[in-house]
Every structure is written in structure tokens, then in C-alpha cells.
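To keep things clear, I will list the structure first and then write my remarks on it.
The values are calculated or read from the model by the stated rules, or taken from the named source; none is laboratory data. This one's a predicted model, so the numbers in the text were calculated from it and none came from an experiment. As a convention, Cβ positions derive from the backbone with ideal geometry for all residues, glycine included, and neighbour counts pool all protein chains shown. Keep in mind that these areas ignore ligands, DNA and RNA; they rest on the heavy atoms of the full protein, side chains included. Shrake-Rupley method; radii C 1.70, N 1.55, O 1.52, S 1.80 Å.
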Amino acid sequence: MSTLKLAAMLLGVTTAPLSAAPDANLLFQENCASCHAETRLGGTGPALIPQTLKRLKGDAIMEAIRDGRPATQMPVFSDSLTEDEIKALADLVKTPLDAIPPWGAEEIAASLELNPDYVPADKPQFSSDPMNLFIVVETGDHHASLLDGDSFERLTRFPTPFAVHGGPKFTSDGRYVFFMSRDGWVMKYDIWSMQEVGRVRGALNSRNIALSSDNKHIALANYLPHTLVILSADDLSVEKIIDIKGSDGKTSRVSAVYQAPPRNSFIMALKDIPEVWEVFYGEDPPFYGFVHDYRDEGPPEQTDPFPVRRIKLDDYLDDFFFDQKYEFLMGAARNAKNGQVVDLVIGRKISDLALSGLPHLGSGISWNWQGKTVMATPHLRDSKISVIDMKDWSVVKTIPTKGPGFFMRSHEKSRYAWTDVFFGPNKDLMHIIDKQTLEIVRTLKPAPGKTAAHIEFDRDGSHAILSIWENDGAIVIYNAETFEEVKRIPMSKPSGKYNVWNKITFSEGTSH
Ligand code: DHE
């Protein structure tokens, strides 16, 4: 029961008939606003708007209100609110806001929180190999762990923003790592001193981040507002906000942004405009004069430090995979039947991709097979792995699996690729594929009934680390040759693991 109702009862005042529907807005202001803000756009707690809560399915929102969320500040409301009141609140936070407030340079700058206790260290404050560390994102209680990649001992565990999504991005010396939350927070963490440097809210609802190859800029891809925000990787200040608008004035969400190191650019997948955008940075962007596609608008202003190139397509693409040289982009739209291949040098689509069943290209990997480079991708809807020749873009093999998958991983030094069965009754299985025979050679079931997902190898490819994707989950470390279990460490829904070396060298076996 709400405080107001209780007070009214004690005073003997009848405020409304007992059967009246609960006033969700009043309940929100009384119980939620102090942490989540009166606007529902988030404060110390996350934004409570459908765009950020859609991952909480079924009754999960009511459960969170009723029972609280472990290891967070979210309290238990089952003692103070009735089921009807909890339902009213859950319905309210699932309702879109009437208007989305502006979130521009001023609002971003005002949100900056620097850690007052942060002391930079001039060398790592631990004896582990700084190139063979892992960051493990634990979304169960919004923390991350720093793991020694040789001993598999945890060095430290620290809080992240609510609902981190996508891979954290490391600077090329492996010293700093950047995280992004679906709420638009970007957090900078100093691995050497094992301390947070600070965080800033670059948007209201975001997809992922990319770090420029010169380590100077962070690009933040957003759904709300329709922008790409470029932040200084040094002090998290705003460098540029790019409004995503087509030539007809229609704005678009940004599905994802990727760094393309050899091109000194960020490449953007757009949700609502059939175009790919490339944003250049640096003193002398190598492709800038050659490839810009400004036939409609004329050449870009030379003074713009982040000129934008727009490649027009005949279909929407919102999930990408790049070849190792970043000359070609393979793209798929979540609602389309086929993918497309775009030649980034000439700025045009050059081929279709015969890929149905929602390929998850973003988690694809590549390797050499019979003298040619192939890439393999799981599918979010179909129970298969597609293996594609990266020269003629044909599907060379379809490997049936026990269910649709999400992530796929390997390592240059490993003969095997590991891929999960993320959805359906076999979600507890992990397939291991021989990269030469293209056959599944082993299927592991590390924790019966519990989702087994996402693999990352250590620096030398001798171990593969798997997640038991549950709140009381774990990471399981396997010998990557014999598939024997080496160690199991309890963790809170370890969503993804990221090895410093594999990431900063852009290993062909991992995500970029
Ligand atoms: Fe992700 C990466 C998009 C749902 C966990 N996910 C990515 C990336 C994109 C993407 C574009 C690459 C970004 C990067 O690393 O910089 N994800 C999408 C979707 O469009 C989708 C299907 C729907 C959505 O609502 O966003 C989606 N993703 C999920 C989940 O439901 C997952 C399983 C749980 C969660 O945390 O939301 C999830 N996505 C991840 C993870 C990565 C990721 C762990 C990083 C993988 C890696 O190894 O790099």
C-alpha cells in the first residue's frame, strides 16, 4: 500500500473507493522518482521507458518491483505496494513518454561524473600479463570482473552502469577500457590502476560504442535521440553530435557503429534509412578525398573534423561484418531475406548474400579454408551456421545446429570454432566445429538446463571461456584442444568476455 493511502487510512479519510484503479503516476512519484527521476529518464537508477526495458520480458518488470533486484539499490516493494499497484507501475513504465526531451551537448556535459578518488597509475598495479587479461561483463548485477588470463584468478570486480550492451572497447595499449549501457552511459575504466575514471550520459538510449584507432574518439550509436555522439576518449567531453537525417529529412536510429582502423573511420548501420554512413577522423583521412559520395550536397566542409560519407543502398542494413582489411562490408537487415555486400572503396553494393533466417553477422568470424577466406555466422532464427566464401560471396556450407545461435568464436591458433545454441530447448548446448572439415566434432552441455553462451579465447588460443548465462551463473574455462574443463568461477550472468590481446590485435576469431 502506498504511503499516501496508509496516511489517509490512519487519519480515517477515505480518498477513493477501495476498488478505484491505482494512480500509477502518483505511485511513481512517491516510490520511484527519487532514483529514476520524475521524467522516468533515469537518475541513479536506469531510465524506465519501453526503449530500455524491452529486454525485461513477461512479468519480469513486476518481479523487479515486487522483489527488488539483487546487488543493486532497487528495493523490495512487496511489503508496501499491492499487486494492483505493482501492476499499475509496471504498465506505466511500459508506456512510451509523450515527448522525448532534448539530449544535446549541454545535457551530455551536465551528466559527466568524474571519479574524485581516481589516481592514475604509470604502470599496472598487478603482476599479471596486462596483454592477457579478460574483462567479463556481468549483467546479472551490473558489474564487470578483471580476470588474469593465465591463472584465471579474478583481480578485481567493479560496478558498471545498468545494462551494459556490446563489447567493451580497449585502447590499443590495453590500458583503458570503455563500456556502454543501453541507457546511453559511457564509462571509462583504467585497467592499470583498477579504477573508474568517470562516466557520461551521451544519449537516452544507445546501441554500442566504437573507439577510433588513434584512441582519441569514442563514437556512441543511439536510438534516442537519432544521433551519433562523438566524445573525447580522454576526458569524455562532447566533440560532435551528428544528426542522422536522410536527404528527405527523415531521421533514423543508428543500429550500430564500428571502428574501421585502416580507414581512420567509423562506419554506421542505420535502422530507418537505406544508407551506410562513414565518419572520418584524424589529420589526413586516407579515403577522404577519394571516396566521399557527396553528389547530392557537394563536397564536405574542409574544416569539419568529422566529415561524413553517405553510401546509398537499395535496402536497409542494420548488422555488419567486415573483412580483415575493411574493404568490404557484409550487411543484413533484421527484416530482410537477403544480405548485401558493399565495397567500401567504391562505395557501392557489389553482391547479394543468400542468407535467410536472420544471420547475426556481427558475431561472425573468418578463417582460411582450402586456400580461401571464409566467414561463418550463426542465425538468430534458424538452426544453422552459414559458411560464406569471401571472394564470390557464395554459401559454401550450411551446418545444421541444435537451435538458433547468438555468438561464435575462434582463434588463429585453434582448429575449432565454438558456437552457442542460444534459443530454444537446447540452449544449454555449445557446439564445437572443425574449421577444416566444417563438421560439428563435439557438443558440450556444461550446466544442464542453463543457457551456455558466448566464448572468448585467451591470448595464445589454448583456452576457451564459456558463460553460464544465469544470475547464479559462472564462467567455465576449457582446454581448447581437448575440450576438458579446467576451472569454473561463479559469476552473475556473465554476458560477454573480452581478451585484451585478441581485441587490440583485431583477431580474426573474435568480434571487433
Ligand atoms: Fe547484442 C553485441 C545488437 C540483443 C548481448 N549486439 C552486439 C552488437 C550489436 C548488437 C550491433 C555489436 C556491438 C559491439 O560489440 O560494439 N543485440 C543487438 C540487437 O540488435 C539485438 C538482437 C536486439 C536488441 O534489443 O538490441 C541484441 N545482445 C542482445 C541480447 O539480448 C543479449 C544476448 C543480451 C543483452 O545484454 O542485451 C546481447 N550483444 C550482446 C553481447 C555483445 C553484443 C554480449 C558483445 C558480443 C561480443 O563478443 O563482442
Accessible carbon and sulfur surface of segment 435-500 relative to its total accessible area, %, 1.4 Å:
47
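Set the Förster distance to 22 Å, then compute FRET efficiency between residue 247 and residue 314 from the Cβ-Cβ distance, nearest 0.05.
On the way: r = 15 Å, r/R0 = 0.68.
The value I calculate is 0.90.
Quick one: dipole size for segment 21-93, taken about the Cα centre, charges +1 on Lys/Arg Cβ and -1 on Asp/Glu Cβ, in debye to the nearest 20.
Details: 7 positive and 11 negative charges, 97 e Å.
For this selection, approximately 460 debye.
Using only the Cα atoms of segment 103-163, construct the convex hull and provide its projected area averaged over every direction, in square nanometres to one decimal.
Working: hull surface 24.5 nm².
Mean projected area of the Cα convex hull: 6.1 nm².
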Tell me, how many Å apart are the Cα centres for segment 378-411 and for segment 28-63?
37
Using the Karplus curve 6.51 cos²θ - 1.76 cosθ + 1.60 with θ = phi - 60°, work out ³J(HN,Hα) for each residue of segment 173-188 in order, rounded to whole Hz, and write x for Gly and Pro.
8, x, 7, 10, 9, 10, 10, 9, 10, 4, 7, x, 7, 10, 10, 9
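Given the rule -39500 (n - 2.57) for each run of at least 4 DSSP H residues, summed and divided by the residues of the chain, what is its mean residue ellipticity at 222 nm, to the nearest 500 deg cm²/dmol? Walk me through the numbers on the way to the answer.
On the way: 9 runs with 59 residues, N = 512.
-3000 deg cm²/dmol, from helical runs alone.
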Too long at a 18 Å Cα-Cα cut-off: which of 384/493; 413/435; 188/487?
384/493; 188/487
Separation of segment 108-123 and segment 473-512 by C-alpha centroid, Å?
29
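Want the number for residue 73 to residue 151: 0.36 nm per residue separation, take away the alpha-carbon distance, what's left?
Values: separation 78, 0.36 × 78 = 28.08 nm, distance 3.28 nm.
Gain on extension, residue 73 to residue 151, equals 24.8 nm.
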Gain in length, residue 354 to residue 389, computed as 0.36 nm per residue apart minus the alpha-carbon separation, to one decimal in nm?
11.4 nm
By its C-alpha gyration tensor, with a ≥ b ≥ c as the square roots of the eigenvalues, how is segment 180-286 shaped: rounded for a/c under 1.5, else prolate for a/b larger than b/c, else oblate?
oblate
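Jot down the per residue volume, in cubic angstrom and as a whole number, of the convex hull over the alpha-carbon atoms of segment 18-59.
91
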Could you tell me whether segment 401-512 comes out rounded, prolate or oblate from its Cα gyration tensor? Rule is a ≥ b ≥ c as square roots of the eigenvalues, rounded for a/c under 1.5, then prolate if a/b exceeds b/c, otherwise oblate.
oblate
Please report, to two decimal places, log10 I(q)/I(0) for the chain at q = 0.06, 0.07, 0.12 Å⁻¹ as given by the Debye formula with identical point scatterers on the Cα atoms and no solvent.
-0.29, -0.40, -1.17
Probe 1.4 Å, protein heavy atoms only - accessible area per residue of segment 366-512 in square angstrom:
38
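Can you tell me how much longer the chain between residue 398 and residue 20 gets when fully stretched, taken as 0.36 nm per residue apart minus their C-alpha distance, in nm with one decimal?
On the way: separation 378, 0.36 × 378 = 136.08 nm, distance 5.80 nm.
Residue separation times 0.36 nm, minus the Cα-Cα distance, leaves 130.3 nm.
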Reach of residue 94 by Cα under 19 Å, taken over lysines that are not fewer than 8 positions away in the same chain
54, 57
Using alpha-carbon positions, the gyration tensor of segment 21-93 gives root eigenvalues a ≥ b ≥ c; with a/c under 1.5 called rounded, otherwise prolate if a/b exceeds b/c, else oblate, the class is rounded
